[in-house]
1. Using 7 Å Cα-to-Cβ label points, what is the ASP56/ASP113 separation (nm, one decimal)?
2. Got the relative contact order for the chain handy, in percent, Cα pairs under 8 Å and 6 or more residues apart?
3. Under a straight-distance cross-link criterion of Cα-Cα below 20 Å, which aspartates and glutamates are reachable from LYS9, leaving out those fewer than 8 residues away in the same chain?
4. Restricting to DSSP loop positions (anything but H, G, I, E, B) with no more than 16 other Cβ atoms inside 10 Å of their own Cβ, which trypsin sites (Lys or Arg not before Pro) remain in the stretch 162-218?
5. Please calculate the 1.4 Å probe accessible area of SER74, with all protein chains present, and give it to the nearest 10 Å².
6. Please express the Cα-Cα pair-distance distribution P(r) of the stretch 157-224 as a list of whole percents, one per 5 Å bin, running from 0 to the bin with the greatest distance.
7. One quarter of the convex hull surface, Cα atoms only: what value does that give for the chain in nm²?
8. Which entries in the list LYS42/LYS87; LYS50/LYS207; LYS44/LYS75 go over 21 Å, if you measure between the two C-alpha atoms of each?
Amino acid sequence: MDDHVALEKLFQDSRLGQEVTVNDTGDFDLGYAYRIQNSISKSKFIGAWKLGGTTDLTRKLFKTESVYYGAIESKFVFNASDVVLPKFIEHPVGELEITFKLSREVENLAQFDLRSEPIDTFIESVLPSIEMPWSQFPLPEAGLNVLVADSCAAGLLILGEEYSWNGDTAIQLPCQLNGNECLVEGNVNNIVMTPSGALREFLLLAKQHQVSLRQGQYVATGGCTACVPLPVNEVLTVTFQELGGFSFKLLGE
């Protein structure tokens, strides 16, 4: 097995929750990390994408001024309900995010000028959500290249009800996560280029990297709140003012 195949398998195994030797990544550049994501994107099992580099904090932590992305398998995307945690997520954490559902036009990005095309073209709906990152790798110390190769530390994505997209001005709102007490508060304004701006940056990268996007996939646009520990076996409620909310419970296996 050559070094490139071995490295790609290392990150694929990590995403499956298989124990890997985290110091075996060696040196590789960001371009190679995205080639791993490009390979993953061709799988019919990709249900969503998560974005990073959309907040001041993640840009500082990973020393970048650009959006980056990673794939989330469909089996890790849930509608709000009781969610059984995979065994490999021993200490769940999460952050509230605005998520978009992609329209069929994303399957033909090459025909669009993505700088000028209205972003509405690519949005089927908008949803409140909570994204739960997870990685075996020591982040942020391992750096941006490892983060991207590891699908941006994708864990679980839990979605609320779909709403019609009426522009960013409709979702410049505070948000809150509550359990038996308030766990965290935040604001959609935490996304430095607005949620739809983050989506546009992702589409530009997807076109550049020839990533295979499909209608109905979701894109989580980054943390509107801090990422906080989540209690297990407790009803948790996500609230985005005026956009809506949902409740769910994390269950241990």
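The values are calculated or read from the model by the stated rules, or taken from the named source; none is laboratory data. In this text, all values refer to a predicted model and were calculated from it rather than measured experimentally. Backbone-built Cβ (ideal geometry, glycine too); neighbour counts: all protein chains shown. With ligands, DNA and RNA removed, areas are computed over all heavy atoms of the protein, side chains included. Shrake-Rupley method; radii C 1.70, N 1.55, O 1.52, S 1.80 Å.
1. It works out to 3.4 nm between the two label points.
2. With pairs under 8 Å counted, the relative contact order is 29 percent.
3. Within reach: GLU19, ASP24, ASP27, ASP29, GLU73, ASP150.
4. Answer by residue number: ARG214.
5. Counting only protein heavy atoms, SER74 exposes about 60 Å² to solvent.
6. 3, 13, 20, 25, 18, 12, 6, 2, 1
7. 12.7 nm²
8. In this structure, LYS42/LYS87 exceed 21 Å between Cα atoms.
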